[in-house]
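**Student:** First the structure, which I've put down as C-alpha cells, then a few questions once you've had a look.
The values are calculated or read from the model by the stated rules, or taken from the named source; none is laboratory data. Remember, it's a predicted structure, so these values are computed and weren't measured experimentally. As a convention, Cβ positions derive from the backbone with ideal geometry for all residues, glycine included, and neighbour counts pool all protein chains shown.
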Amino acid sequence: MKKVFIIAFFCFPLLLGCTNVDATRSPAPPIAAGHSQNSGQSQGPDYAGLIEEYRSMLQEDPRNLAAIIALGNAYFDNRRWSDAIRLYEQSLEIDPRNAEVYTNMGTAYRYVGKPVRAIAAYRQAVNNDPGNMDARYNMGAVYAFDLKQYDTALHLWEDLLRLAPNYPLAGNMRALMGAFRKALQKAGS
C-alpha cells in the first residue's frame, strides 16, 4: 500500500498543474513567452515588472477587473499564494461568478495548506461553470492527496471522466484511480 501512495505522491506535482491560468488573463500586457529566439536561452517572465505595472494600473483604476485578475495571476505564477488569494478575492467582489478565478484561488489555497478552503473554491467554480473540468480534477486531487479521502476523489474523477473522457490528464488520472482502488481493496481486506 505504501508503494502505491509513494508513486501517486511523485506523480501528483505533474497532475496538479492543470489549472488554465491563461484563461483569466486580461487585455493587460501579456506575460513574456519565456523563450528568447535570439539568444537560444530560456528566460522567465519579469514578475517584478509585471506586478509593478499591474499595481500602477490599479492605482489609476482600483476596480479594473482585468488588472486585478492579472495581478493575482502574476502573484500566482510567482508562487506568492497569499497575495494571489487576496487579489482573487478582490476580483470576486466585482465578478462573483468567475469560475477560473475560483479555480486558481482553490489551487493557491491548497498551496498555503488550506485544503478545505481549496475545496470550497473548486466547488464554487463548478457551481458557476459545470464545464470547468480543471476545478473538478483539482478537487479530486485535494481530496486524494491532502485529505486522504480516496473514495471521494475516485467519485469526482469518475464523474469527470464520464463528462470528459478525453480530458488531457485522463490517462494519468486513470492510473492513479486504479492504484487508489487497489489500495482501498487491500485496506478493506
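**Student:** Sort through F10, F5 and tell me the only one that's at pLDDT below 75, in a helix (DSSP H, G or I), in contact with a helix residue (DSSP H, G or I) (Cβ under 8 Å, 6 or more places away or on another chain) and aromatic (F, W, Y).
**Tutor:** Working: F10 fails: in contact with a helix residue (DSSP H, G or I) (Cβ under 8 Å, 6 or more places away or on another chain).
Going through F10, F5 in turn, the sole match is F5.
**Student:** Any residue in segment 63-79 that is touching a residue at least 40 places away in the same chain (Cβ under 8 Å) sitting within a Cβ distance under 8 Å of a residue that is among the polar types (S, T, N, Q) and not in a helix (DSSP H, G or I)? List the pairs, counting only those 6 or more apart or interchain.
**Tutor:** Close Cβ pairs satisfying both conditions: A66/S26; A67/S26; I69/S26; I69/N98; A70/S26.
**Student:** Go through (1) at pLDDT below 95; (2) assigned to a helix (DSSP H, G or I); (3) polar (S, T, N, Q) one by one and return the number of the condition Q37 breaks.
**Tutor:** Status for Q37: all satisfied but (2).
**Student:** Cβ contacts < 6 Å: first residue without any contact (Cβ under 8 Å) to a residue 12 or more places away in the chain, restricted to segment 108-127; second residue of a type outside the set (A, V, I, L, M, F, W, C) and surrounded by 24 or more Cβ atoms within 10 Å (Cβ to Cβ), any location; separation 6+ or different chain. Result?
**Tutor:** R117/Y109
**Student:** Another question, then. Looking only at segment 93-114, count how many residues are surrounded by fewer than 19 Cβ atoms within 10 Å (Cβ to Cβ) and more than 11 Å from the chain's Cα centre (by Cα).
**Tutor:** Residues of segment 93-114 that are surrounded by fewer than 19 Cβ atoms within 10 Å (Cβ to Cβ), as a first pass: 93-97, 111-114.
If we keep only those that are more than 11 Å from the chain's Cα centre (by Cα) too, we end up with 93-97, 112-114.
Residues in segment 93-114 being surrounded by fewer than 19 Cβ atoms within 10 Å (Cβ to Cβ) and more than 11 Å from the chain's Cα centre (by Cα): 8 in total.
Table: residues versus (1) touching a helix residue (DSSP H, G or I) at 6+ places or on another chain (Cβ under 9 Å); (2) assigned to a helix (DSSP H, G or I); (3) among the hydroxyl-bearing types (S, T, Y).
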position	(1), (2), (3)
I51	yes, yes, no
M57	yes, yes, no
R63	yes, no, no
I68	yes, yes, no
L71	yes, yes, no
E89	yes, yes, no
V101	yes, yes, no
N104	yes, yes, no
Y109	yes, yes, yes
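**Student:** Tell me, yes or no, whether segment 153-170 has at least one residue that is surrounded by fewer than 21 Cβ atoms within 10 Å (Cβ to Cβ), touching a residue at least 24 places away in the same chain (Cβ under 8 Å), over 11 Å from the mean Cα position of the chain (by Cα) and part of a helix (DSSP H, G or I).
**Tutor:** Yes.
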